[in-house]
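One structure is given below, encoded as structure tokens.
The values are calculated or read from the model by the stated rules, or taken from the named source; none is laboratory data. These figures come from a predicted structure and were not determined experimentally. For neighbour counting, all protein chains shown are included, and Cβ atoms are generated from backbone atoms with ideal geometry for every residue, glycine included.
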Amino acid sequence: MKKVFTTGQVAKICKVAPRTVSKWFDSGRLKGYRIPGSQDRRIPREQLLRFLKEHGMPLGELEEEEWHKVLLIGTERLFNDRLKELLPEDEDYKFETASSGFEAGILAGSFHPDTIIIDLGLGRAESVQITANLRKDEAYASTLIVGLASEDEAAPEQLAQYGFNDIFKKPFDLALLGTKIKTIADAKRED
């Protein structure tokens, strides 16, 4: 995720001439800074997002970065629907669902989730394998991986050694899980 843009990169995102971006910058409408010892301008990502939103301009390729993407693996439809109510799309949450480890691997590669929720009812071995494989990839080092364990799951705390960040034992408080995801999403957006 790019943190700072040149005027040329901003022009490409906004679909305008680089000179237009320079005018926005020089007039103070688009905030940024100049590289010391040169006239080159740099626009921080958060300033560009603020400018685009203020002026009702499309976020283009930056839009996807604003979403907090959640991959649901082996979860029940009722759970999925309820979580989508707690974390609505109009608040920048996107969801994908997978019903197998194979499908989860394909979706993880193309969807790039920020949070992954795995129902251990899929099978403990398969759930552990999915998590272990994801954790081997540096791209998923900061991804929140939550396991949903049945009430008779033996020693769910041991699952942390396989890369799970948290385990929620059924019956669990879905609102608490939603709050946890929302907190992480908000922190990511402030970075």
Which residues, taken from region 60-77, are assigned to a strand (DSSP E or B) and either modelled with pLDDT under 70 or surrounded by fewer than 14 Cβ atoms within 10 Å (Cβ to Cβ) (or both)?
none
The one condition GLY147 fails out of (1) surrounded by 14 or more Cβ atoms within 10 Å (Cβ to Cβ); (2) small (Gly, Ala, Ser); (3) over 16 Å from LEU177 (Cβ atoms) is (3)
Do we find that ARG29 is at pLDDT 90 or above, surrounded by 15 or more Cβ atoms within 10 Å (Cβ to Cβ), basic (Lys, Arg) and touching a Phe, Trp or Tyr at 6+ places or on another chain (Cβ under 9 Å) in this structure?
no
Search result, residues across region 116-150 that are acidic (Asp, Glu) and in contact (Cβ under 8 Å) with a residue 24 or more places away in the chain:
ASP119, GLU126
Selection status of THR131, more than 30 Å from GLN47 (Cβ to Cβ), among the hydroxyl-bearing types (Ser, Thr, Tyr), assigned to a strand (DSSP E or B) and modelled with pLDDT of 90 or more
no
Residues to consider are LEU52, LEU120; find the one that is over 20 Å from ASP173 (Cα atoms), more than 16 Å from the chain's Cα centre (by Cα) and surrounded by 15 or more Cβ atoms within 10 Å (Cβ to Cβ).
LEU52
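Residues are listed down the side, and each one gets a yes or a no for (1) among the acidic types (Asp, Glu); (2) modelled with pLDDT of 90 or more; (3) touching a strand residue (DSSP E or B) at 6+ places or on another chain (Cβ under 9 Å); (4) part of a helix (DSSP H, G or I):
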| site | (1), (2), (3), (4) |
| --- | --- |
| ASN80 | no, yes, yes, yes |
| GLY147 | no, yes, yes, no |
| GLU153 | yes, no, yes, no |
| GLU157 | yes, no, yes, yes |
| THR183 | no, no, no, yes |
